[in-house]
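Below is one structure, written out as structure tokens, with a few remarks after it.
Bear in mind that the values in this text are calculations on the coordinates, not laboratory data. Note that this is a predicted model, so its numbers are computed, not measured. Using ideal geometry, Cβ is built from the backbone for each residue, glycine included, and neighbour counts are taken over all protein chains shown.
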Amino acid sequence: MAKRARMTTVHGVIETPVFMNVATAGAIKGGLSADDLHSINTQVMLCNTYHLHVRTGDVKIRQMGGLHAFTRWDRPILTDSGGFQVFSLSDLRKIKEEGVSFKSHIDGAHIFMGPEQSMQIQSNLGSTIAMAFDECPPALAERSYVEQSVARTTRWLERCRKEMNRLNSLEETVNPQQLLFGINQGAVYQDIRTDHAKAIAEMELDGYAVGGLAVGETHEQMYSVIENTVPYLPKDTPTYLMGVGTPENIIEAVYRGIDFFDCVYPSRNGRHGNLYTDHGTLRIRNARYETDTRPIDENCGCPVCRGGYSRAYLRHLMKADEALGLRFCVMHNLYFYNHLMQEIRDALDAGCYEAYRKRKLADLSEGV
RNA sequence: GUGGGUAUGGCGUAGUUGGCUAACGCGCCAGAUUGUGGUUCUGGAGACCGUGGGUUCAAGUCCCACUACCCACC
């Protein structure tokens, strides 16, 4: 199932499997610039439709030349549709057939977003890949609710595709070649997942995502859902596992045919001082690192480790709440993820992914 | 040198008229966090209450001495 591929876009080639670096509001939290992203081998930046819509606004960003010109990131950008916010900001919304009524988490302003609005916003942003507007039901949702939710998500997907085609054909479109990925849902109900995958596979989209996972179900359930979904999606288009996950999750998901990933873990954990190494995570704030002169990871090629910055200095920066500490920790973690993906691609190229998977999982569970 | 005050886990403090396993914040340790609020949450270890005596059924709480530190006056 595991596969190695190369996706060509107007903003450059994406080598898969790939991990997209999360920049929800148009910036990596922790203070990394577009230049920084180049220095840690980032391929794709991921931004959020809802967050950019409520601040600063997609129309203004369009006036600034689109998200690429605005952020100075010239490589591929994937924009999430705002669908996840229906789930994560659930106390602030109301779902109907036309779309979703939000109350802005910034100023309480009323916002309506449906498939058409989401596509228009993403078109204004001019991202490389737009995500369909979907609903992400809770993992423990009842079957009857999931059935009607998925049916609606399918209808929304059809509307997304139609609107995207219309927008791409307009004269003044920021990115007339914007791609659209559909999203599979169905919680942990295998037959709903499978049926939905078959249905959206016929829509000939540019890529397909598996959404609604890592929201409370077990790892086994998650892997099982992937196994019951990916085989029914088109073989020659990329698959994207949304919001996942740990290095272990990624290695297992690649094994089951996933090509795209994104997750807040490397950046959020970086901000909390939990750093990734080849042998598990290290908590840089711990007292044991107070006078540790070694870099985070001896084998790491990131700018922080290569720059000779010690664990002791990083601990000091984090304890002293210095912005540089966040920046260094996030930079290291994202480099770790990007490098992990490079290793995975190398193993696939060499035809030894099975062996790599076993060895890597063993290493990661070893402990620092 | 004289007068006054304070001494409680690593640090800062609570400890009612002496009475159950000495409390809290920070720190420390261990977890949680999966299409991002740089948050937040959950556990855990750690002091026999400056030292030595005394009063009492019972003292961190009262008395005496000593030691250290702080303030004021010389």
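Across the stretch A:77-82, rounded Karplus estimates of 3J(HN,Hα) from the backbone phi angles (6.51 cos²θ - 1.76 cosθ + 1.60, θ = phi - 60°) give 10, 10, 10, 6, 7, x Hz, Gly and Pro being marked x.
Sorting A:R55, A:R288 by the number of Cβ atoms found within 10 Å of their own Cβ, with the fewest placed first, yields A:R288, A:R55.
Overall, the anisotropy analysis places the stretch A:1-117 in the prolate class: the square-rooted eigenvalues a ≥ b ≥ c of its C-alpha gyration tensor yield a/c not less than 1.5, with a/b exceeding b/c.
In straight-distance terms, cross-link reach from A:K103 covers every one of the aspartates and glutamates whose alpha-carbon lies under 19 Å from its own, apart from those fewer than eight places away in the same chain; here that gives A:D58, A:D80, A:D91, A:E116, A:D134, A:E135.
When the Gaussian network model of chain A links Cα atoms closer than 10 Å, the mean-square fluctuations of A:A320, A:A312, A:A197 top out at A:A320. Within straight-line reach of A:K358, meaning a Cα separation under 20 Å, sit the following aspartates and glutamates at least 8 residues removed in sequence or on another chain: A:E220, A:E227, A:E248, A:E252, A:D259, A:D278, A:E343, A:D346, A:D349, A:E366. Cysteines in chain A that lack a partner Cβ within the 4.7 Å cut-off: A:C47, A:C136, A:C160, A:C263, A:C302, A:C329, A:C352.
Is the shape of the stretch A:5-269 best called rounded, prolate or oblate, per the rule: a/c under 1.5 gives rounded, else a/b larger than b/c gives prolate, else oblate, with a ≥ b ≥ c the square roots of the Cα gyration tensor eigenvalues? Write down the numbers at each step before the final one.
Numbers: a/c = 1.38, a/b = 1.16, b/c = 1.19.
Because its axes are fairly even, with a/c under 1.5, the stretch A:5-269 counts as rounded.
Each Lys and Arg adds +1 at its Cβ and each Asp and Glu adds -1 at its Cβ; summed about the Cα centre, chain A shows a dipole of about 700 debye.
Under the 0.36 nm per residue contour assumption, what length would be gained going from the current alpha-carbon distance of A:Q342 and A:D236 to full extension? Could the numbers behind the result be given before it?
Details: separation 106, 0.36 × 106 = 38.16 nm, distance 2.11 nm.
The A:Q342-A:D236 span can extend by a further 36.1 nm.
Gain on full extension, evaluated as 0.36 nm per residue between A:Q148 and A:T56 minus their Cα-Cα distance, stands at 29.7 nm.
Computed extension gain for A:R285 through A:M1, at 0.36 nm per residue and net of the alpha carbon distance, reaches 98.2 nm. Here the spin labels are modelled as points 7 Å beyond Cα on the Cα-Cβ line, and at A:E366 and A:A199 they lie 4.7 nm apart. In chain A, a dipole from Cβ-located charges (positive for Lys and Arg, negative for Asp and Glu) runs towards its positive end, and of A:S127, A:V330, A:H53 it is A:V330 whose Cα lies farthest in that direction. The distance between label points at A:F112 and A:K162 comes to 1.7 nm (points 7 Å beyond Cα on the Cα→Cβ vector). Compute, for the stretch A:272-364, the length of the dipole vector about the Cα centre, with Cβ point charges of +1 (Lys, Arg) and -1 (Asp, Glu) only. Units Debye, rounded to 20. Computed about the Cα centre, the dipole is about 240 debye. Peptides A:239-248, A:100-109, A:181-190 ranked from most to least packed by the mean count of surrounding Cβ atoms within 10 Å: A:181-190, A:239-248, A:100-109.
Applied to the stretch A:248-264, the Karplus parametrisation 6.51 cos²θ - 1.76 cosθ + 1.60 on θ = phi - 60° returns per-residue 3J(HN,Hα) values of 5, 4, 5, 4, 5, 6, 4, 4, 9, x, 7, 10, 10, 9, 7, 6, 7 Hz, with x for Gly and Pro. Using the Cα gyration tensor of the stretch A:272-364, with a ≥ b ≥ c the square roots of its eigenvalues, what is the shape: rounded (a/c below 1.5), prolate (a/b larger than b/c) or oblate (neither)? Note, shape of the stretch A:272-364 comes out prolate.
Along the stretch A:142-157 the Karplus relation, 6.51 cos²θ - 1.76 cosθ + 1.60 evaluated at θ = phi - 60°, assigns HN-Hα couplings of 5, 4, 4, 5, 4, 4, 6, 5, 5, 4, 5, 4, 5, 5, 4, 4 Hz to successive residues, with x for each Gly and Pro. Under a 5 Å amide H cut-off, with hydrogens placed 1.01 Å from N, A:A209 pairs with A:G182, A:I183, A:N184, A:Y240 among residues at least 5 apart or on other chains. Under 5 Å from the amide H of A:D292 lie the amide H atoms of A:A312, each residue being 5 or more positions distant or on a separate chain, with H modelled from the backbone and absent for Pro and chain starts.
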